[in-house]
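The values are calculated or read from the model by the stated rules, or taken from the named source; none is laboratory data. This is a predicted model, so every value here is computed, not measured. Ideal geometry is used to build each Cβ from the backbone, glycine not excepted, and the neighbour counts take in all protein chains shown. Only protein heavy atoms, including side chains, enter the accessible area calculation; ligands, DNA and RNA are left aside. Shrake-Rupley method; radii C 1.70, N 1.55, O 1.52, S 1.80 Å.
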Amino acid sequence: MSDLFEAAGLTPHAPAPLPERLRPQSLDEVVGQDHLLGTGGAIRRMVDGNRLASMILWGPPGTGKTTIARLLAKAAGYEFQQLSAVFSGVADLKKAFEQARMRRSAGQSTLLFVDEIHRFNRAQQDGFLPFVEEGIVTLIGATTENPSFELNGALLSRCQVFVLRRLDEEAQNQLLSKAEAVEGRPLPVDDNARQALVAMADGDGRYLLTLADTLLGLDFPKPLDIAGLSQVLQKRSPAYDKDREEHYNLISALHKSVRGSDPDAALYWLARMLEGGENPLFLARRLVRMAVEDIGLADPMALVIANAAKDAYDFLGSPEGELALAQATVHLAAAPKSVAVYKGFGEARKAARDTGSLTPPAHILNAPTKLMKDIGYGKGYAYDPDTERGFSGQNYFPDGMERRRFYRPKDEGAEARIKERLDRWTAIRDSEG
């Protein structure tokens, strides 16, 4: 008779999750970290020279930190011992060190892998020092946080820090191809949905394979497109609450009257809502939104006046403060309109979602620690205000991302002057690029 575990499928014969089944069995099978594991890579040189040193693996989730540590122990013939700083304390560390000491006396080396090592406090981190110095353990710590800020200087001085990269599109597609080979069938998605799946994983290989495992475990009559993929892998947004429909009809009328540059209609709808008992601070918040959404930098004072109207109402209350809301309404309705910032920000957010976690170029990263300076942070940075033209033309987009144009100012109002400056700077950048 089967027990509850067998009934739930939790037997030794139950299939392991796809990320576990695809865990690399050698360093050559690890994808996305060729700068460390490929020919000439720093970790590869250690393995080839049979000289495994203590190290910190710093990188985002799902980039292979645990896997690399396991494979290094295997390649070097070390006993692999794993601790998690989330679940371990001083007693666990003492036990691990004592076990490592006993192995060493028997001629067996120990690789101690500590996941989330940054979660150990400073005193606990200091506890590693004598055992690392004596060679009782070879320490590999994994962290998603900047070691310069989260780890003791004394511990850092005894370990090499290696930066793991988020998996790029090519590496993630390699993982998907391996998943398809293991399952013996293609992912049930079209080409566009496949690209969307990669973007959804944001460089996290484990998460990508988890998503693929979900898709491969379901049956679909035809390959999913992007919309179908979103329905399967993402929660749908909750339906909008349509109670008090008249409230939303009137605020829509006010907003569209301001947007349409009709101060008279805007004043009418403002009065209608105030007479109906609407909360004046709700109207003030909506006026601020109009200032940034529909006017933007065509009239930079619009936001200042909308905020001032809110402060005036806070100070005066009703009915006197309502006049400040009316003044702001008229100013916004009569102001030149531009959605350049609104549209540009929308495009920038889409680009941010599509590109995921690309890092800024090294020359614009601050380098408050020696480690950060040594790996190139801040090298070659030009301080624009101190240049002859007050403009250096350096690249500020992430490495691996082409320059994009998000903000396109109109040739009207205050934006006309902004446009002139941006055009001049673009010409300089293009001529010196």
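Before moving on, here are some points about what is shown:
- Here the strands (runs of 3 or more DSSP E) wholly within the range 11-125 that include at least 2 residues being farther than 18 Å from F162 by Cα are 79-84.
- Exactly one residue among G59, G38 is closer than 30 Å to E183 by Cα, small (G, A, S) and crowded, with 17+ Cβ neighbours inside 10 Å, and that residue is G59.
- When R206, R194 are checked against the criterion of being charged (D, E, K, R), open to solvent by 80 Å² or more (accessible area, probe 1.4 Å) and modelled with pLDDT of 90 or more, a single residue qualifies: R206.
- Residue match in the range 415-426 (condition: under 30 Å from R166 (Cβ atoms) and not hydrophobic (A, V, I, L, M, F, W, C)): no
- Qualifying residues in the range 385-428 (those that are assigned to a helix (DSSP H, G or I) and in contact with a helix residue (DSSP H, G or I) (Cβ under 7 Å, 6 or more places away or on another chain)) - the one nearest to V292 (Cα to Cα): E415
- Within the range 352-363, being on the phi < 0 side of the Ramachandran plot and surrounded by 15 or more Cβ atoms within 10 Å (Cβ to Cβ) holds for T355, L358, P361, A362, H363.
- Residue check for Y268: among the aromatic types (F, W, Y) and modelled with pLDDT under 90: no
- Residues that are under 30 Å from A106 (Cα atoms), in a strand (DSSP E or B) and open to solvent by 40 Å² or more (accessible area, probe 1.4 Å), drawn from the range 139-164: Q160
- Just one of (1) among the polar types (S, T, N, Q); (2) more than 27 Å from G296 (Cα to Cα); (3) assigned to a loop (DSSP other than H, G, I, E, B) fails for S431. It is (3).
- Scan the range 401-420 for residues that are open to solvent by less than 90 Å² (accessible area, probe 1.4 Å) and under 19 Å from H363 (Cβ atoms) and the total you get is 1.
- Taken over the range 364-394, the criterion of being open to solvent by less than 70 Å² (accessible area, probe 1.4 Å) and within 18 Å of E432 (Cα to Cα) is satisfied by G380, A382, D384, T387, G390, F391, S392, G393, Q394.
- Across the range 369-412, the number of residues qualifying as at positive phi and free of Cβ contacts under 8 Å to residues at least 12 places away in the same chain comes to 1.
- Filter result for P24 (open to solvent by 40 Å² or more (accessible area, probe 1.4 Å) and touching a residue at least 12 places away in the same chain (Cβ under 8 Å)): no
- Considering residues of the range 165-191 that are touching a residue at least 40 places away in the same chain (Cβ under 8 Å) and in a loop (DSSP other than H, G, I, E, B) only, the residue least open to solvent (accessible area, probe 1.4 Å): L167
- Cβ-Cβ distances below 9 Å connect no pair with a first residue in the range 197-215 that is in contact (Cβ under 8 Å) with a residue 12 or more places away in the chain and assigned to a helix (DSSP H, G or I), a second residue that is crowded, with 22+ Cβ neighbours inside 10 Å and among the basic types (K, R), and a separation of six or more residues or different chains.
- Among the residues of the range 119-138, at least one is closer than 21 Å to F80 by Cβ, open to solvent by 40 Å² or more (accessible area, probe 1.4 Å) and under 21 Å from the mean Cα position of the chain (by Cα).
- For the range 82-98, the count of residues that are open to solvent by less than 30 Å² (accessible area, probe 1.4 Å), in contact with a Leu (Cβ under 9 Å, 6 or more places away or on another chain) and of a type in the set (F, W, Y) is at least one.
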